[in-house]
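Enquirer: Have a look at the structure that comes next, please.
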Amino acid sequence: GIGDLRGIINRLDYLNDGDFSSGKSLGVTGLWLMPIMKSPSYHKYDVRDYKSVDPSYGTLDDFKELTEKADERGINIIIDLVLNHTSIYHEWFRNARDAVRDGNMDSPYLEYYTFVTQEEKIPGRTYYEFEGNLFYEGNFSDQMPELNMDSDLVRQEIISILEFWFDLGVSGFRLDATKYVYYNEHDKNVEFWNWFMTEVKKIKPDAYVVGETWSPDIQIATYYESFSNFDFGMAQSEGMIAMTANAVESVNSYVTYINQYRNLITSVREDAILQPFISNHDMNRAAGYLSVPDGRMQMAANLYIWSYGTPFLYYGEEIGMKGSRGTENTDANRRLAMLWGDKDNVENPAGSTYDSDRQTNGTVKSQLADENSIYNHYKKVILLREANPEIARGTYTPLEFNGYQNFGGFLSTYQNSTVGVFHNTGMSDVVIDLSLY
């Protein structure tokens, strides 16, 4: 009823049935699960127990089965790992509170969080009363006390958490709020995340880790020293993908941007890769500003899926789902239930108010047999990407088509094979003599 692990298991063939030639699945090779650990909230970004699955989602056995069945289909699973803070109901925080109340100021749990006195508060950060004369740092919420990453005890707990989830079959993690571990102290953050990645690689050398560093490109690049990061400069209505798909920016500008951004991050780490996306659970859904009937949403898919790196699709993007914060200003409207169209009974998150009548692009069921549907467009785009590994992995060579606003492209070379990718974001045919380039 809320979208649980058993539901994902039942829908795996929609993502990938293990046979690209069948043409029956979307062709997804990775799955990122937002927080699944025990938590008092619907969004689960305030973790109560790092080594658990919230009962509303299922059991650890369900999760193990999910990773095994996903692996059979060529799907790698990463999970959200929220290390910046815990829930106030986590046993570490409750033990710290009990220790202060009992006068046990030598309790190791007082080392787990950022506790300060009134005089020790750092300007610009948010604190809440704890016990006695102590306050705890909670820059996101009073329900989310910040962990003390200077503590060796906390770091040992993190290593134990990594071992636990890798043992259950995850391929890696999406790291939440990477720049808040030490609140906007970027050098200290990168130092911590370098330590973190060293421990990750000890356990699983081929682990896939992506960070949420929601900042301008130049700041994101700093964190590429540790791991790949979502490319926020490409996302949302004002990002390069949507601006190009809507013909506000030229294709030449987009190709140049990708090239410059790739050069930026590879200057930080040679093997760095892009992580392009249009929207996620914290953003308005892309079909609200990219028209499906006009082909703008389809063009956006072309632009970022046929690009260097590892693209992330937010579920429902491939059928043109809509959802925005609205006047109620709630992220629940951005996290609506998937529109399967087959009497699925999954409900929208608590607090969502988005009018379902405004979902005008159809359901999965209504689009399956329509060869011109956006769903089938996404399938073709993903299949072509899979068939041409040069696009995602190759050496990127931008081509400059002077005088063209709506036409542009690039070459990509991988293992002595080169492909050309060209986009036309206009409404008219364009004839190009490629021998001139």
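The values are calculated or read from the model by the stated rules, or taken from the named source; none is laboratory data. Remember, it's a predicted structure, so these values are computed and weren't measured experimentally. Positions of Cβ are generated from backbone atoms using ideal geometry, with glycine treated the same way; all protein chains shown enter the neighbour counts. Side chains are part of the model used for accessible areas, which takes the heavy atoms of the whole protein and leaves out ligands, DNA and RNA. Shrake-Rupley method; radii C 1.70, N 1.55, O 1.52, S 1.80 Å.
Enquirer: Summing -39500 (n - 2.57) over the DSSP H runs of n ≥ 4 in the chain and dividing by its residue number, what mean residue ellipticity at 222 nm do you reach, to the nearest 500 deg cm²/dmol? Write out the running numbers ahead of the final one.
Expert: On the way: 12 runs with 133 residues, N = 437.
When only DSSP H runs of four or more count, the value is -9000 deg cm²/dmol.
Enquirer: Give the average over all directions of the projected area of the C-alpha convex hull of the range 9-68, one decimal, in nm². Walk me through the numbers on the way to the answer.
Expert: Details: hull surface 18.3 nm².
Computing the convex hull of the Cα atoms and averaging its projections yields 4.6 nm².
Enquirer: Of the DSSP beta bridges with both residues in the chain, give the percent that are antiparallel, rounding to the nearest 5.
Expert: 60 percent
Enquirer: I need the phi-derived Karplus couplings for the range 36-50: 6.51 cos²θ - 1.76 cosθ + 1.60, θ = phi - 60°, integer Hz, Gly and Pro marked x.
Expert: 10, 7, 3, 6, x, 9, 6, 7, 6, 8, 10, 6, 9, 7, 6
Enquirer: State, in angstrom, two size descriptors of the chain derived from its alpha carbons: Rg to one decimal place and Dmax to the nearest whole number.
Expert: So, for the chain, Rg and Dmax equal 22.9, 80 Å respectively.
Enquirer: Which of TYR128, PHE173, PHE140 sits closest to the plus end of the dipole of the range 127-197, meaning its Cα is farthest towards the positive end, when Lys and Arg get +1 and Asp and Glu get -1 on the C-beta?
Expert: PHE173
Enquirer: Let me ask something additional. Using amide H atoms built 1.01 Å from N in the peptide plane, name the residues 5+ places from GLY30, or on other chains, whose amide H lies under 5 Å from its own.
Expert: Amide H neighbours of GLY30: ASN76.
Enquirer: Rounding to the nearest 20 debye, state how big the charge dipole of the chain is about its Cα centre with +1 on each Lys and Arg Cβ and -1 on each Asp and Glu Cβ. Could you put the intermediate results ahead of the total?
Expert: Values: 37 positive and 63 negative charges, 188 e Å.
Using Cβ point charges on Lys, Arg, Asp and Glu, the chain gives about 900 debye.
Enquirer: Give me the one-decimal nm value for the distance between modelled label points at SER435 and GLN415, 7 Å along each residue's Cα-to-Cβ direction.
Expert: 3.2 nm
Enquirer: State, in angstrom, two size descriptors of the range 61-139 derived from its alpha carbons: Rg to one decimal place and Dmax to the nearest whole number.
Expert: Here Rg and the maximum Cα pair distance are 18.7, 56 Å.
Enquirer: Select from SER41, ASN372, ASN184 the residue farthest towards the positive end of the dipole of the chain; place +1 on Cβ of Lys and Arg, -1 on Cβ of Asp and Glu, and compute about the Cα centre.
Expert: The listed residue farthest towards the positive side: ASN372.
Enquirer: Continuing with this model, one more query. For the range 145-264, give the magnitude of the charge dipole about the Cα centre (Cβ charges: +1 Lys/Arg, -1 Asp/Glu; no others), in debye to the nearest 20. Kindly include the intermediate steps, with their values, before the conclusion.
Expert: On the way: 8 positive and 18 negative charges, 68 e Å.
Computed charge dipole of the range 145-264: roughly 320 debye.
Enquirer: Can you tell me the FRET efficiency between VAL248 and HIS186 if r is taken as the Cβ-Cβ distance and R0 is 41 Å, rounded to the nearest 0.05?
Expert: On the way: r = 31 Å, r/R0 = 0.76.
Efficiency, rounded to the nearest 0.05: 0.85.
Enquirer: Shifting gears a bit: Could you derive backbone 3J(HN,Hα) for the range 293-300 from the dihedral phi with the Karplus parameters 6.51, -1.76 and 1.60 (θ = phi - 60°), listing whole Hz in sequence and x where the residue is Gly or Pro?
Expert: Per-residue couplings from phi come out as x, 7, x, 5, 5, 5, 5, 4 Hz.
Enquirer: Rounded to the nearest 10 degrees, what's the angle between the helix 91-101 long axis and the longest principal axis of the chain, both from Cα atoms, 0 to 90?
Expert: It is inclined by approximately 30 degrees.
Enquirer: Moving to a separate point now. For the chain, find the longest principal axis of its Cα atoms and tell me its angle to the long axis of helix 152-167, 0 to 90°, nearest 10.
Expert: Here the helix axis deviates by roughly 50 degrees.
Enquirer: What is the projected area of the convex hull of the Cα atoms of the range 157-279, averaged over all directions, in nm²?
Expert: 8.1 nm²
Enquirer: Next up: Using modelled amide H (1.01 Å from N, peptide plane; none on Pro or chain starts), what sits under 5 Å from the amide H of ASN148, excluding residues fewer than 5 places away?
Expert: Amide H neighbours of ASN148: TYR113, THR114.
Enquirer: Now a separate question. Towards the positive end of the charge dipole of the chain, with charges on Cβ (+1 Lys, Arg; -1 Asp, Glu), say which of ASN76, SER107, SER228 has the farthest Cα.
Expert: Of the candidates, ASN76 comes out farthest on the positive side.
Enquirer: With a 1.4 Å probe and all protein chains left in place, how much of the accessible area of the range 56-145 comes from carbon and sulfur atoms, in whole percent?
Expert: Solvent-exposed carbon and sulfur of the range 56-145 make up 42 percent of the total.
Enquirer: For the chain, with every protein chain kept in place, what is the accessible area per residue (1.4 Å probe, Å²)?
Expert: On the way: 19450 Å² over 437 residues.
Dividing the accessible area of the chain by its residue count gives 45 Å².
Enquirer: How would MET34, MET299 line up by accessible area, probe 1.4 Å, largest first? Could the numbers behind the result be given before it?
Expert: Details: MET34 60, MET299 30 Å².
Sorted descending by solvent-accessible area, the residues read MET34, MET299.
Enquirer: Taking H as built 1.01 Å from N, whose amide H comes closer than 5 Å to the amide H of LEU83, not counting residues under 5 places away?
Expert: ASP176
Enquirer: Using r as the Cβ-Cβ distance of THR327 and ILE2, and R0 as 25 Å, what FRET efficiency do you calculate, to the nearest 0.05?
Expert: Numbers: r = 25 Å, r/R0 = 0.99.
With R0 = 25 Å, the Cβ-Cβ based efficiency is 0.50.
Enquirer: Can you give the direction-averaged projected area of the convex hull of the alpha-carbon atoms in the range 69-207, in nm²?
Expert: One quarter of the hull surface, i.e. the mean projection, equals 9.4 nm².
Enquirer: Over all alpha-carbon pairs in the range 217-322, figure out the percentage whose distance exceeds 20 Å.
Expert: Working: 1955 of 5565 pairs.
Taking all Cα-Cα pairs of the range 217-322, the fraction more than 20 Å apart is 35 percent.
Enquirer: Over the range 298-437, how many pairs of lysines fall under 18 Å by alpha carbon, counting only those 8 or more apart in sequence or from different chains? List each step's numbers first, then the result.
Expert: Details: LYS322/LYS365; LYS343/LYS365; LYS365/LYS379; LYS365/LYS380.
Going through the range 298-437 pair by pair, I get 4.
Enquirer: Next question. Which ³J(HN,Hα) values, rounded to whole Hz and listed in residue order, are derived for the range 68-75 from phi using the Karplus coefficients 6.51, -1.76 and 1.60 in 6.51 cos²θ - 1.76 cosθ + 1.60 with θ = phi - 60°, glycine and proline given as x?
Expert: 5, 6, 5, 4, 4, 9, x, 10
Enquirer: Another question, then. Quick check: from the Cα gyration tensor, does the range 347-430 come out rounded (a/c under 1.5), prolate or oblate? Please report the intermediate quantities before stating the final value.
Expert: Values: a/c = 2.41, a/b = 1.88, b/c = 1.29.
Prolate shape, in that a/c is at least 1.5 and a/b is the bigger ratio.
Enquirer: For the residue pair LEU264 and SER22, what label-to-label distance in nm results when each label sits 7 Å from Cα along the Cα-to-beta-carbon direction?
Expert: Modelled inter-label distance: 4.1 nm.
Enquirer: Hey, got the dipole for the range 99-201? About the Cα centre, +1 on K and R Cβ, -1 on D and E Cβ, debye to the nearest 20? All intermediate terms of the calculation are to be shown ahead of the outcome.
Expert: On the way: 8 positive and 20 negative charges, 80 e Å.
Dipole size: approximately 380 debye.
Enquirer: Straight-line reach from LYS204: which lysines have a Cα under 27 Å away, not including same-chain ones fewer than 8 places off?
Expert: LYS204 reaches LYS38, LYS44, LYS51, LYS64, LYS69, LYS179, LYS188.
Enquirer: Calculate how steeply helix 374-387 sits against the longest principal axis of the alpha-carbon atoms of the chain, using the helix alpha-carbon long axis, and give the answer as 0 to 90 degrees to the nearest 10.
Expert: 90 degrees
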